[in-house]
Amino acid sequence: MRRVLLPQHISDQLAPSGAAIRDLRGLTMGSSWSVRLLESAMPGRAGSADLQQGLQQQLDLVVAQMSHWDDESDLGRYNRAEPGSWHSLPAAFCEVLGFAMHVSQASGGAYDPCAGALVNLWGFGPRHRYDEPGFLPPKDDTVALLLAQRQRRRLELDLPARRMRQPGGLQLDLSAVAKGYGVDRLARYLDSQGIHHYLVEVGGELRGAGSKPDGQPWWVLLEQVDGADNADNADNADNAQHPPEMLLALHGLSVATSGDYRRFFQDGTVRFSHTIDPRSGMPIANQLASVTVVHEQCMAADAWSTALTVLGLDAGMALAEEQGLAARFLQRDGDGYHETLSSHMLAMLDE
């Protein structure tokens, strides 16, 4: 049995009659992007080459400004800058960083874009990675030293003037929000071109608008955890701990999932997730396998899913309810998974 999630608000804009679906795709942020759109919703367009180029340019801008992996990005130059130096922010960078700091404050620091040094320390940054020969997890005293240093390296952000100060050694990392923002930029670009029926994806984060030619919305399955197959699957028919699949009508909505199964390493019997708790300096160990957030903005879904994952089920659910977030928590429970939905996610269930 598949459960269905429906948007609370339905657009009255119908898909053009006889429209065909066009697919465009490319590479970005160490991953891929794809766009499905209705072709006849493109009056006056010169062709797919121009549209392809325009979409790629939107994502190239995100990389040029916010990449944690490119030393020559605006973020990369800031991370290497001299102590006490001030830096002007491009508009997009300012928008993303401002929102990231909002989520950081609202989550009590469970998500923190200023935690790049911790991410690097645990081998999940661009260098000295966990999957390279000779990597060893950091010792407790090394983590404690870095946490103490962070207390002295506070970000000074002047949003009205679009500038920020490097206190010395502060490492920004916008990886938990940049892909979602990239999705939003693609959607904005399509809207600016008069295209209002589409499904956009960047590295697994999605946003949909309008409908398909048959009037159906863009249906997507919420991301399943490794091995958490549909309970109706023959191999899992007797395992009621695996929740059945959930189908989302991605109409005017975005969806993002944060999970500890995507990137991790093991040291002996200990499993270290790529999701770092900035408050403790340690990878999370709260038994949450994944958190999915559905939101109008993909940037918001991306950042909030990370914050809720770090907080864990109880504190994460409390924050989801406080912020009015539609969230799905999957927690490991023996050999299976236990699912918990926020009230806003429950309201979307078609029952």
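The values are calculated or read from the model by the stated rules, or taken from the named source; none is laboratory data. Quantities reported herein were computed from a predicted structural model and do not represent experimental measurements. Cβ sites come from the backbone with ideal geometry, for glycine too, and all protein chains shown count toward neighbours. Areas reflect the complete protein model, heavy atoms only, side chains present, ligands, DNA and RNA absent. Shrake-Rupley method; radii C 1.70, N 1.55, O 1.52, S 1.80 Å.
What number goes with the only condition from (1) open to solvent by 30 Å² or more (accessible area, probe 1.4 Å); (2) closer than 19 Å to Gly180 by Cβ; (3) in contact with a strand residue (DSSP E or B) (Cβ under 7 Å, 6 or more places away or on another chain) that Leu247 does not pass?
Status for Leu247: all satisfied but (2).
Considering only region 85-106, state which residues are open to solvent by less than 20 Å² (accessible area, probe 1.4 Å) and among the hydrophobic types (A, V, I, L, M, F, W, C).
Scanning region 85-106 gives Leu89, Ala92, Phe93, Cys94, Val96, Leu97, Ala100, Val103.
Quick check on my filter: what residues within region 334-351 are at pLDDT below 95, of a type outside the set (Gly, Ala, Ser) and not in a strand (DSSP E or B)?
Of everything in region 334-351, those that are at pLDDT below 95, of a type outside the set (Gly, Ala, Ser) and not in a strand (DSSP E or B) turn out to be Asp335, Asp350, Glu351.
Taking the condition open to solvent by 10 Å² or more (accessible area, probe 1.4 Å), touching a helix residue (DSSP H, G or I) at 6+ places or on another chain (Cβ under 9 Å) and at pLDDT 95 or above, does Ala320 pass? Quick ask: steps written out before the conclusion?
Working: open to solvent by 10 Å² or more (accessible area, probe 1.4 Å): no; touching a helix residue (DSSP H, G or I) at 6+ places or on another chain (Cβ under 9 Å): yes; at pLDDT 95 or above: yes.
When the stated conditions are applied, Ala320 does not pass them.
For every residue, the table says whether it meets (1) modelled with pLDDT of 95 or more; (2) open to solvent by 40 Å² or more (accessible area, probe 1.4 Å); (3) over 14 Å from the mean Cα position of the chain (by Cα).
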position: Ala285; (1), (2), (3): no, yes, yes
position: Ser290; (1), (2), (3): no, no, no
position: Asp302; (1), (2), (3): yes, no, no
position: Val310; (1), (2), (3): yes, no, no
position: Arg332; (1), (2), (3): no, yes, yes
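Taking region 194-205, which residues are closer than 18 Å to Gln56 by Cβ and at pLDDT 95 or above?
Within region 194-205, Tyr198, Leu199, Val200, Glu201, Val202, Glu205 meet the criteria.
Which one of Leu37, Leu24, Leu97, Leu59 is at pLDDT 95 or above, in contact with a helix residue (DSSP H, G or I) (Cβ under 7 Å, 6 or more places away or on another chain) and either part of a helix (DSSP H, G or I) or among the polar types (S, T, N, Q) (or both)?
Being at pLDDT 95 or above, in contact with a helix residue (DSSP H, G or I) (Cβ under 7 Å, 6 or more places away or on another chain) and either part of a helix (DSSP H, G or I) or among the polar types (S, T, N, Q) (or both) holds for just one of Leu37, Leu24, Leu97, Leu59, which is Leu59.
What are the residues in region 61-84 that are closer than 22 Å to Arg154 by Cβ, surrounded by 15 or more Cβ atoms within 10 Å (Cβ to Cβ) and either in contact (Cβ under 8 Å) with a residue 40 or more places away in the chain or basic (Lys, Arg) (or both), if any?
Met66, His68, Leu75, Tyr78, Asn79, Ala81
On the phi > 0 side of the Ramachandran plot and in contact with a Lys or Arg (Cβ under 9 Å, 6 or more places away or on another chain): is that true of Gly84 in this structure?
Numbers: on the phi > 0 side of the Ramachandran plot: yes; in contact with a Lys or Arg (Cβ under 9 Å, 6 or more places away or on another chain): yes.
For Gly84, the condition - on the phi > 0 side of the Ramachandran plot and in contact with a Lys or Arg (Cβ under 9 Å, 6 or more places away or on another chain) - is met.
Output the residue which, of all residues in region 62-94 that are aromatic (Phe, Trp, Tyr) and modelled with pLDDT of 95 or more, is nearest to the chain's Cα centre (by Cα).
Looking at residues that are aromatic (Phe, Trp, Tyr) and modelled with pLDDT of 95 or more, I get Phe93.
Of everything in region 138-153 that's at pLDDT 90 or above and in a loop (DSSP other than H, G, I, E, B), which residue is least open to solvent (accessible area, probe 1.4 Å)?
In this case the residue turns out to be Pro138.
Looking at region 114-136, is at least one residue touching a Pro at 6+ places or on another chain (Cβ under 6 Å) and either of a type in the set (Gly, Ala, Ser) or part of a loop (DSSP other than H, G, I, E, B) (or both)?
Within region 114-136, one or more residues are touching a Pro at 6+ places or on another chain (Cβ under 6 Å) and either of a type in the set (Gly, Ala, Ser) or part of a loop (DSSP other than H, G, I, E, B) (or both).
I'm trying to understand the selection: among the residues of region 160-199, which are open to solvent by 10 Å² or more (accessible area, probe 1.4 Å), aliphatic (A, V, I, L, M) and part of a loop (DSSP other than H, G, I, E, B)?
Within region 160-199, Ala161 is the sole residue that qualifies.
For region 334-351, give me the residue count where each residue is open to solvent by 10 Å² or more (accessible area, probe 1.4 Å) and either closer than 24 Å to Gly252 by Cβ or among the small types (Gly, Ala, Ser) (or both).
10
Looking at region 94-137 only, could you name the residues that are among the hydroxyl-bearing types (Ser, Thr, Tyr) and in contact with a Leu (Cβ under 8 Å, 6 or more places away or on another chain)? Step through it out loud before you land on a result.
Residues of region 94-137 among the hydroxyl-bearing types (Ser, Thr, Tyr): 104, 107, 111, 130.
Ser107 - this is the single residue of region 94-137 that is among the hydroxyl-bearing types (Ser, Thr, Tyr) and in contact with a Leu (Cβ under 8 Å, 6 or more places away or on another chain).
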